[in-house]
1. Report yes if Leu7 is out of contact with any strand residue (DSSP E or B) (no Cβ under 7 Å at 6 or more places or on another chain), of a type in the set (A, V, I, L, M, F, W, C), open to solvent by less than 50 Å² (accessible area, probe 1.4 Å) and within 29 Å of Arg164 (Cβ to Cβ), otherwise no.
2. Considering each residue of region 186-216, count those that are within 23 Å of Ser294 (Cα to Cα), open to solvent by less than 40 Å² (accessible area, probe 1.4 Å) and part of a loop (DSSP other than H, G, I, E, B), and give that number.
3. Under 9 Å between Cβ atoms, which residue pairs at least 6 apart in sequence (or on different chains) link something in region 23-39 that is hydroxyl-bearing (Ser, Thr, Tyr) with a partner that is open to solvent by less than 20 Å² (accessible area, probe 1.4 Å)?
4. If you scan region 50-98, which residues turn out to be in a helix (DSSP H, G or I), surrounded by 14 or more Cβ atoms within 10 Å (Cβ to Cβ), at pLDDT 90 or above and of a type in the set (A, V, I, L, M)?
5. Mind checking which residues of region 42-62 are farther than 17 Å from Asn5 by Cβ and either touching a helix residue (DSSP H, G or I) at 6+ places or on another chain (Cβ under 6 Å) or hydroxyl-bearing (Ser, Thr, Tyr) (or both)?
6. Contact list please: Cβ distance under 8 Å, first residue in region 267-289 and on the phi > 0 side of the Ramachandran plot, second residue among the small types (Gly, Ala, Ser), pairs at least six apart or on different chains.
7. Yes or no: Phe126 at pLDDT below 95, closer than 30 Å to Ala296 by Cβ and surrounded by 19 or more Cβ atoms within 10 Å (Cβ to Cβ)?
8. Can you tell me which residues in region 145-167 are within 17 Å of Val255 (Cβ to Cβ) and surrounded by fewer than 23 Cβ atoms within 10 Å (Cβ to Cβ)?
Amino acid sequence: MDMINILRTIRLQDQPAVLATIIGVEGHAYRKAGAAMLLLLNGDAVGTVSPGCIESDLGERALSVWEAKRYEVAEYNMEPGDDPIWGESVGCGGVIRVLLEPVEGRLRRILMDILDLLEEGRNIWFVRGLKGEELSYELATEEIAPPSSDPSYDWQFSLRVTNRQRVILFGAGPDAVPIYHLLTQSSFHVVVADWRPRLLAAFPYAEHYIGTPGQLRERLQPSSEDAVIVCSHRLHYDREMIEWALASQSKYIGVMGSVKRIGMLFNGEVPPANVKAPIGLSIGAEGPYEIAVSIAAELIALRYQWRNKQKADRQKEELHEPIRNLFGGGTEQPNGQAEAAARAFAGRYARQHGASCSLG
């Protein structure tokens, strides 16, 4: 699900690997075009492209792709009755086309460039283009619209690569630990902040900051794109954190605590629209782990809404270019342009369901 994890694995583990990317979907599918996974030749994998239906087969293909140093496309027909191998046994429905590429040479270098740009806070477009039988790669920094189609390509696939949603978690007590883990596993970028170093020791792998809200503001540089969770359980510090989150116009401010405590934090007034207090979905959660689930579920739902709004805003500026998001949230194009391109690419090389062919 998280392309950043794939990119970091490539950087940290210098070993043979194959990148598998969905380039086309027809009908129902668990993941959309643009979803990717990394298949390491030692048997490990990062990410998924299905609920487990095709990963084993992709893993078997990875060795031949790596040894040939050539990419190939695999097509899986999950429609019951249409394919004797995949349809009846899997029953997911839909047709999935997956591009497999050995992670070496030019591709590896450009993937590392993507990671560098993401770490600088940039969003970019990763463009694959096919000329004859040669697959080329380009990067373009992203402002609003995707790169224009290059008429010299026989096929072009543009992927929008974005940073994770940042969540500032103020308060590092025991109830913050499951929140951190669930949000991190759900592809959020969680920053933990507290004025008590001993509590921050429970987050050895997290990006963390030590200080009171007044000391943290300049270092964290909050923005309107941030989500903020306030759970230090110190009334004056929580109030101060809420005040500067409101001043920064953070898109979401979640406050943990009872109704009485929240009334004290807001001096009995109704919190602004971007404040959720108490934090989390109302699911009858009890205890830190269930509360963490309610918070993670709420933020996942909000992230989906935020992405849809961003998508709608981008579409106003686009000239009917196919957009795909590497985290699996590709835009559905009403004219079917991207799917038609994927079919043309796959159809050129895959002669039957489940078959693959070298393209390079």
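1. Numbers: out of contact with any strand residue (DSSP E or B) (no Cβ under 7 Å at 6 or more places or on another chain): yes; of a type in the set (A, V, I, L, M, F, W, C): yes; open to solvent by less than 50 Å² (accessible area, probe 1.4 Å): yes; within 29 Å of Arg164 (Cβ to Cβ): yes.
The answer is yes for Leu7.
2. Total satisfying the criteria: 5.
3. From region 23-39, the pairs are Tyr30/Val49; Tyr30/Ser50; Tyr30/Gly94; Tyr30/Ile96.
4. Of everything in region 50-98, those that are in a helix (DSSP H, G or I), surrounded by 14 or more Cβ atoms within 10 Å (Cβ to Cβ), at pLDDT 90 or above and of a type in the set (A, V, I, L, M) turn out to be Leu58, Ala62, Val65.
5. Selection gives Ser50, Cys53, Ser56.
6. From region 267-289, the pairs are Gly280/Gly254; Gly280/Ser294; Gly280/Ala297.
7. Yes.
8. Taking region 145-167 as the starting set, the residues that turn out to be within 17 Å of Val255 (Cβ to Cβ) are 167.
Hits for region 145-167: nothing passes.
The values are calculated or read from the model by the stated rules, or taken from the named source; none is laboratory data. The structure displayed is predicted, hence computed values, not measured ones. No Cβ is skipped: glycine too gets one built from the backbone with ideal geometry, and neighbour counts run over all protein chains shown. Just the protein is used for accessible areas: all its heavy atoms, side chains included, with ligands, DNA and RNA removed. Shrake-Rupley method; radii C 1.70, N 1.55, O 1.52, S 1.80 Å.
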